[in-house]
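Data first, discussion second: the structure below is written as structure tokens.
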Amino acid sequence: MRGSDAVAGSLFSYVDLEKRVRADHPLRVIRGVVNATLADLSAAFDALYSPLGRESIPPERLLRALLLQAFYSIRSERQLVERIEFDLLFRWFVGLGMDDPVWDATTFTKNRDRLLEGDVALKFLATVLAQPRVKVLLSTEHFSVDGTLLEAWASTKSFRPKDGSAPPPDAGRNGEQNFHGQKRSNETHASTTDPDARLYRKGRGKEAKLAFMGHALMENRNGLIVGAVATRASGHAERLAALHLMQPHADRPQKVTLAGDKGFDTQDFVAELREINVTPHVAQNTRGRRSAIDGRTTRHPGYAISLRIRKRIEEAFGWAKTVAGLRKARHRGLPKVDWQFTLAMAAYNLVRLPKLLAVTA
């Protein structure tokens, strides 16, 4: 018998949101870890808000919503709010009931500065890794580091002389600008849209773009990100960021190794790693030069293992750019780009956890 297509509306619904999410949904594991992390950060949130005045949107709900934006490739916060409005799974994860109103998209803008001042993204990443179930998955001895370009939310047309000597662009909303014959560099030019962005190209034959650089430190046991930071784009940024990210894990009695690509094979970087008791497992760069790594390091089997595992860090960068929307930064200014990149790395770890925790259960 054919069923009827008539819409049968009802005034009340007695089905709990908790029952509408299947028991084996991956978000259940992620939500448990996130809730435990946010509970540990409660004191840090209290320090960011005044004890007086009107109650704000709980920062825990804002962070859960931003994680959903990364998980489900939602392009903007306005679309994210619209999705929370009608998606029961989103309401359940964020912590809203069936009848609870959703906040306006501008709430993210108003609260972002407060969360930036509290360095919440970095604290969130560290607290996730400090959860007892997650901590046992991490290696404390073997790490890998790498960097990636993050295209800035600024056009090359905005890259103009700092002294204002360039002629104005043609009239119109997107006027033409002729750069032929002009020598442009970061010393003499700056973006009028995002002054923190730098003109940078990935290699020979590649086009120059206004960009930032995102750097990540990965532990080699399960490929989880244990450190993240975004910087201005430059030729030395990767090595400086690697030393910064490695500092909390160095100077330990046990042997600590750090793997990296050929860009890290320099005399200064290798020497600085050895000064903090870290064995450099970086790929040898012998093209027209002598490598800073010799047979004392390359003869050990662990060196080959580190070079093989270090490539897994590219999976985190690939996920962040294709899924979490970091192929082009959504925000302007280094602090906001750094915040977005760090939160994306924390989201990548959370996506990995359901399968990893199932194996260890």
R0 of 45 Å, Cβ-Cβ distance SER56-LYS157: FRET efficiency to nearest 0.05: 0.70
ARG114 versus ARG173: modelled label distance in nm, points set 7 Å from Cα along the beta carbon direction: 3.5
Charge dipole magnitude, Cβ of K and R +1, D and E -1 - the chain, Cα centre, debye nearest 20: 1300
Inter-part distance where the range 256-307 and the range 215-252 are each reduced to a Cα centre, Å: 15
Kirkwood-type radius of the chain, with distances r between different C-alpha atoms, in Å: 23.1
Within the accessible area of the chain (1.4 Å probe), percent carbon and sulfur: 51
Accessible solvent surface per residue of the chain, calculated while the other protein chains remain in place, 1.4 angstrom probe, Å²: 55
Global form of the range 136-255, assessed from the alpha-carbon gyration tensor, a/c cut-off 1.5: prolate
Most mobile of PHE86, PHE341, PHE269 in a GNM of the chain (Cα contacts under 10 Å): PHE86
The range 56-98-the range 319-337 distance, computed between alpha-carbon centres (Å): 18
Two-site label geometry, THR286 and ALA271: point separation in nm, points 7 Å out along Cα→Cβ: 2.3
Residue-span extension gain [ARG75 to ARG299] - 0.36 nm each, minus C-alpha spacing: 75.9 nm
Of ALA233, ALA105, ALA320, the one that fluctuates the most in a GNM where the chain has Cα springs shorter than 10 Å: ALA105
Theoretical FRET efficiency, 1/(1+(r/R0)^6), r = Cβ-Cβ of LEU240 and LYS206, R0 22 Å, to 0.05: 0.50
Rounded to 5, the percent of DSSP beta bridges in the range 191-292 classed as antiparallel: 70
Extension reserve of the GLN254-HIS25 stretch, reckoned as 0.36 nm per residue once the Cα distance is removed: 78.5 nm
Total charge dipole magnitude, the range 185-324, about the Cα centre, Cβ charges on Lys, Arg, Asp, Glu only, Debye to nearest 20: 600
Inter-label distance for ALA44 and ASP99, nm, one decimal - labels placed 7 Å from Cα along Cα-to-Cβ: 3.6
Compactness relative to 2.2 N^0.38 Å, alpha carbon Rg of the range 180-311: 1.21
Cα gyration tensor, the range 233-286 - rounded (a/c under 1.5), prolate or oblate: oblate
Residue among ARG308, ARG54, ARG64 with the largest mean-square fluctuation in a Gaussian network model of the chain, springs linking Cα atoms under 10 Å: ARG54
Potential lengthening between LYS183 and ALA358 on full extension [0.36 nm per residue; Cα-Cα distance subtracted]: 57.4 nm
Peptides 142-149, 289-296 ordered by average Cβ neighbours within 10 Å, highest first: 142-149, 289-296
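The values are calculated or read from the model by the stated rules, or taken from the named source; none is laboratory data. As the structure is a prediction and not an experimental result, all values here were calculated from the model. No Cβ is skipped: glycine too gets one built from the backbone with ideal geometry, and neighbour counts run over all protein chains shown. Accessible surface is based on the protein model in full, side chains and every heavy atom, while ligands, DNA and RNA are left aside. Shrake-Rupley method; radii C 1.70, N 1.55, O 1.52, S 1.80 Å.
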